[in-house]
Amino acid sequence: MAPDRAIVISPSTIANVGPGFDVFGIALNEPCDRIEVRRSSEPGVRVESITGAGSFAVTLSSTRNTAAVAASKVLGTAKADFGLSMRIDKGVRPASGMGSSGASAAGGAYAANLLLDEPLDMNQLICCASFGEEASSGSRHADNAAPALMGGFTIIRSYEPMDVVRVQPPKNLGIVASLPEFAVPTREARKKVPQKVPMRDVITQVGHASSLVAGMCSGDIDLISRSIRDVIVEPARAPLIPFLKEAKETALRAGASASFLGGSGPCIAAFYDLDRTDGLQIAQALQVFFEERGMKCLYWVTTWGEGCRQVRE
């Protein structure tokens, strides 16, 4: 019989990973959201409290909170005869480019699923979580929710029907996520995405995306690094991110194999080889870079992580 209560840890993620807009995503080992749900006799989903990083900016509304919307979709899809109450502890700051809404949406969907006698499958969960993302950004996408649920590197082959492929990244793939203090709302960043692009840019983008997948599958960090080039979306969003080009160059000089805009930003992500480079050097170089320009900068020196998991207390 399914439990009446569940606690879930849901990881931060980096979406797009260069050329894979709305398709690629990778889970980080840290930071994470923590979501607790309890079965309720009252229908619907009620958010009792939100704490943690940037919690003041997250709504309690059950129709607009990403975790609540995703959990409600799970209950509705399963035709559950109960509701639930939810508590959220944010480890991922909203408007960061590190999958804050995706972590909550994935965690809400995963936690609700644990209370079902007949759980949904993974693609159904990702679909439910994508509706949570829509509530936050105004656009239904799953490139953060998919890796948050499945872990590793994910590829959304299709949205209709939802079909996601998981790839195990190289064991020695190090990731630095640097977060300057300003915010870039996903809703605003998505307005910058061009609707028409030249065919030569499409060809370039497909080439880089394809070889990036090959690098992930073969464990070739050098190939991955050569393939992280976005000629369509990142250039259009660059005006929203002060010093983006210079920050990426700083990361490369400090030893990163590749540096790119994390999701919609302002996160500056960097890949490096754990066996050859000290990620702390990269993180501290970026921190100094932004502080010299009057901005505080948090960082995480980490690697790729697993997906949502249940915490037993």
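Derivation of every value follows stated rules applied to the coordinates shown; laboratory data play no part. No experiment lies behind these values; they were computed from the predicted model shown. Ideal geometry is used to build each Cβ from the backbone, glycine not excepted, and the neighbour counts take in all protein chains shown.
Can you tell which of D143, D33, D81 shows the greatest fluctuation in a Gaussian network model of the chain with Cα springs below 10 Å?
D81
Quick check on region 5-167: take the gyration tensor over C-alpha atoms, sort the square-rooted eigenvalues as a ≥ b ≥ c, and tell me if it's rounded (a/c under 1.5), prolate or oblate.
oblate
Please give the net charge around V164, taking every other residue with its beta carbon less than 13 angstrom from that of V164, where Lys and Arg add +1 and Asp and Glu add -1.
Neighbour charge sum, excluding V164 itself: -3.
So what's the chain giving for Cα Rg divided by 2.2 N^0.38 Å, two decimals?
My calculation over the Cα atoms of the chain gives 0.96.
So how tilted is helix 199-218 from the main axis of the chain? Cα-based, degrees 0 to 90, rounded to 10.
The answer is roughly 70 degrees.
Sort largest first and round to whole Å: the equivalent ellipsoid semi-axes of region 173-255, each the square root of five times a Cα gyration tensor eigenvalue.
Rounded to whole Å, the semi-axes are 23, 20, 11.
Counting Lys and Arg as +1 and Asp and Glu as -1, each charge on the Cβ, what is the dipole of region 173-303 about the Cα centre in debye, to the nearest 20?
620
Quickly estimate the mean residue ellipticity at 222 nm for the chain, helices only: each DSSP H run with n ≥ 4 gives -39500 (n - 2.57), and the total goes over all residues, rounded to 500.
Helix-only estimate at 222 nm: -10500 deg cm²/dmol.
Would you work out which of S137, S61, S101 lies farthest towards the positive end of the dipole of region 1-155? Charges go on Cβ: Lys and Arg +1, Asp and Glu -1.
Toward the positive end, the furthest listed residue is S61.
Hey, got the Cα dimensions of region 101-258 along the principal axes, in Å, largest first?
52, 36, 35
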